[in-house]
Amino acid sequence: MKKSFQYSLIAALLVMVTTSCEKKIDEAFPHPNATVRVPIETLLPGIISNFHGNSSSAGSAYGLANDGTNVGRYIQYWAANGAGNQYDQMGGATGASDVMGSIWAMHYYGMGQNLNRMIEWGIEEKKWDYVGVGYAIRSFSWLVTTEMYGELIMREAFNTSQLVFKYDDQEKVYDTVRVIARQALDYLNRTGDGVSQANLAKGDAYFLKGDVNKWKKFVYAVLARSFNHLSNKSIYSADSVIKYANLAQQTNADNAVMTFANTGITGTSNFYGPYRNNVGTLRQGAYVANLMSGLNSAFPGVSDIRRFYVLRENTNNTVRGVNPNKGSTGLVANDQPRNFWGGTFGTSTAPLLDTGARYVFRNGAPWPIFTASEMKFILAEAYYRKGMRSEALNAYRDGISLNIDQLIQDYSAGMRSNWVITAADKAAFLANPVIVPSAANLRLSHIMLQKYISLYGWGMNETWTDMRRYHYTDIEPGTTNQVYADLVLPSGIDMFVDNKGKPVYRARPRYNSEYLYNIAELTRIGAMELDYHTKEQWFSQK
């Protein structure tokens with residue numbers, strides 16, 4: 001009996017010691033797949049960073065800027081300084097490549113469960129402002145992601161019990177964008193409990209600084225885009241576009257713009273700056289250069305006063321650009337544009353400093369997500385479609401004016417004194433009837449091309465959506481001219497072979513997320529076909 005008791009005591013002590021050790025081990029090394037509760041204030045900065053190009057141990061550069069380097073080729077914002085690039089040729093990703101998959105990874109991974117947790121814990125903690133911001137970001141992310149890829153995994157998204165997932169039609173995704181946007185507004189309108197601008201600003205220090213009113217304008221901008229993008233559909237509502245665009249950003253003080261700590265660590269600086277070295281081989285496109293140099297038939301003979309703010313000069317101090325897949329072909333040496341960091345045309349190595357860079361190509365340059373200028377152009381298009389020409393003209397003029405002011409305010413660094421825009425320069429430019437015609441002479445082409453210019457360098461996805469709505473080369477009703485005047489798509493050897501002569505309309509789903517296991521669904525939606533990237537999306541179909 002005594003021996004039995006001793007054994008029992010030893011066993012109990014062993015259990016206590018083992019349990020104690022296990023507890024200490026569990027505290028030191030938590031289960032890697034278990035949910036770890038963290039302050040939601042610490043989740044938001046990383047979530048917001050995905051708007052641009054996040055940085056994490058499990059992967060980096062997820063966001064709009066990385067994929068934007070190739071989307072910018074599709075819309076002829078820029079091209080490579082040499083020939084042979086498949087994206088200059090409007091090609092899609094091929095083989096075991098995650099190129100063009102950064103927005104997919106942004107949505108499902110970079111934001112993904114982090115955003116779900118922030119909303120879930122925000123509700124539990126009654127921090128309604130964080131919940132509203134979470135829904136605002138999710139509505140934006142659904143919209144950007146579906147416009148990039150078309151059909152998406154939506155209803156089964158974020159279900160960790162599944163290994164394969166079904167895709168939903170784009171129309172359903174658009175409906176979901178609006179449902180979530182209205183949820184965002186509901187929570188952003190709440191006060192009391194844990195709502196605090198100072199506390200929201202802890203997680204929002206580099207974007208809207210905890211300003212709930214700016215977050216509401218952010219949501220209204222998402223809604224304005226979502227209605228505007230359906231201009232080819234029978235359900236298009238110009239009144240809805242006008243309503244939400246008028247509730248979104250109205251002045252440059254309202255702009256939703258990312259800023260950067262720029263501490264010398266790559267994740268804290270602009271993706272297009274020399275420190276991150278991502279645009280060394282890109283050179284501005286001939287199309288945008290011609291638009292801003294008086295060489296496009298829409299604005300003949302007028303040199304845009306903004307050209308040196310956003311584009312690069314050559315040794316002749318003129319602005320010229322490259323054609324897709326042509327490199328320097330057709331450009332004499334003195335006409336070849338400098339690279340975006342101020343180096344020579346043939347230089348792709350990033351400099352140590354960004355003192356020669358301008359615009360969004362500086363290390364610490366702010367990165368817009370929504371601007372008042374964009375909203376004015378959206379308004380102008382909607383008013384034009386309603387036949388309200390005077391209102392369209394006023395919005396159009398305001399869009400140009402706001403863009404000029406934004407450039408002066410945020411992007412004057414690196415400008416030569418004789419290129420700086422003065423009040424007199426601005427007034428003369430807006431008074432030029434070639435740029436700002438009468439209401440009777442205003443055309444869709446004016447509106448869309450000035451919007452194209454105002455979004456140059458950062459709004460690649462919105463511009464690509466616009467161009468696809470107009471099928472790149474659609475003729476403006478009542479005229480014999482293209483909406484995107486003088487735009488010429490790659491053809492022949494300059495069009496990627498897999499395209500079969502067709503322009504690009506989407507990116508394929510991210511390779512390492514889908515093509516390794518979700519084959520049945522990819523086959524169903526046609527994503528196994530080599531020309532899947534040329535399949536027109538629902539939003540742009542007539």
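One table, with the values for the structure above:
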| read-out | value |
| --- | --- |
| Trypsin sites (Lys or Arg not before Pro) within segment 433-500, DSSP loop, no more than 15 other Cβ atoms inside 10 Å | Lys500 |
| Kirkwood hydrodynamic radius of segment 41-127, Cα pairs, Å | 14.5 Å |
| Where only C-alpha atoms are counted, convex hull volume of segment 52-193 per residue in Å³ | 145 Å³ |
| Cα gyration tensor category, rounded, prolate or oblate, for segment 409-542 with a/c compared to 1.5 | prolate |
| Under 5 Å, built H, 5+ apart or other chain: amide partners of Phe370 | Ala256 |
| Stokes-Einstein D for segment 470-526, Kirkwood Rh over Cα pairs, 25 °C, 0.890 mPa s (µm²/s) | 171 µm²/s |
| Ranked Asp211, Asp67, criterion: other C-beta atoms within 10 Å, fewest first | Asp211, Asp67 |
| Positive minus negative residues near Ala365 (Lys, Arg vs Asp, Glu; Cβ under 10 Å) | 0 |
| Reachable lysines, given that their alpha-carbon falls under 25 Å from the alpha-carbon of Lys202 and they are not under 8 places away in the same chain | Lys126, Lys127, Lys214, Lys216, Lys217 |
| Cα principal axis extents for segment 409-461, largest first, Å | 38, 33, 14 |
| Sparsely packed GluC sites (Glu not before Pro) within segment 119-210, loop by DSSP, other Cβ within 10 Å at most 15 | Glu125, Glu156 |
| Residue order, fewest to most surrounding Cβ atoms within 10 angstrom, among Tyr109, Tyr309, Tyr272 | Tyr109, Tyr309, Tyr272 |
| Ratio of the Cα radius of gyration of the chain to 2.2 N^0.38 Å, where N counts its residues | 1.06 |
| Set of lysines near Lys500 by C-alpha distance (under 24 Å), chain-local residues within fewer than 8 positions excluded | Lys326, Lys535, Lys542 |
| For segment 110-123, 3J(HN,Hα) per residue [Karplus equation, 6.51 cos²θ - 1.76 cosθ + 1.60, θ = phi - 60°, Hz, x = Gly/Pro] | x, 8, x, 5, 4, 5, 4, 5, 4, 5, 4, 6, x, 5 |
| Evaluated over segment 166-276, the Cα radius of gyration and Dmax, each in Å | 17.2, 50 |
| Percentage relative contact order, segment 177-245, counting C-alpha pairs under 8 Å, at least six apart | 27 percent |
| For segment 220-290, the spread of Cα positions along each principal axis, largest first, Å | 47, 31, 20 |
| Cut-off 9 Å between beta-carbons: net charge of the residues surrounding Thr465, Lys and Arg +1, Asp and Glu -1 | 0 |
| Modelled label reach - Ala520, point 7 Å along Cα→Cβ, segment 162-177 residues with backbone N closer than 20 Å | 162-169 |
| Segment 208-231-segment 295-310 distance, computed between alpha-carbon centres (Å) | 30 Å |
| Cα convex hull volume per residue for segment 276-397 (Å³) | 138 Å³ |
| Volume per residue of the C-alpha convex hull in segment 320-449, rounded to whole Å³ | 152 Å³ |
| For the chain, calculated [θ]222 nm from helices alone, where every DSSP H run of n ≥ 4 adds -39500 (n - 2.57) | -13000 deg cm²/dmol |
| Two-decimal Rg/Rh across segment 263-331, once Rg and the Kirkwood Rh are taken from alpha-carbon atoms | 1.07 |
| Part-to-part distance (alpha-carbon centres) for segment 387-404 and segment 480-542, which is given in Å | 33 Å |
| Whole-Hz ³J(HN,Hα) from phi, Karplus 6.51 cos²θ - 1.76 cosθ + 1.60, for segment 291-308, glycine and proline x | 4, 9, 10, x, 9, 9, 5, 6, 10, x, x, 10, 7, 5, 5, 8, 4, 7 |
| Along each principal axis, Cα extent of segment 129-201, largest first, Å | 41, 26, 17 |
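A short reminder: the numbers here are calculations on the coordinates, not readings from a lab. Remember, predicted model here, so these are calculated numbers, not experimental data. Ideal geometry is used to build each Cβ from the backbone, glycine not excepted, and the neighbour counts take in all protein chains shown.
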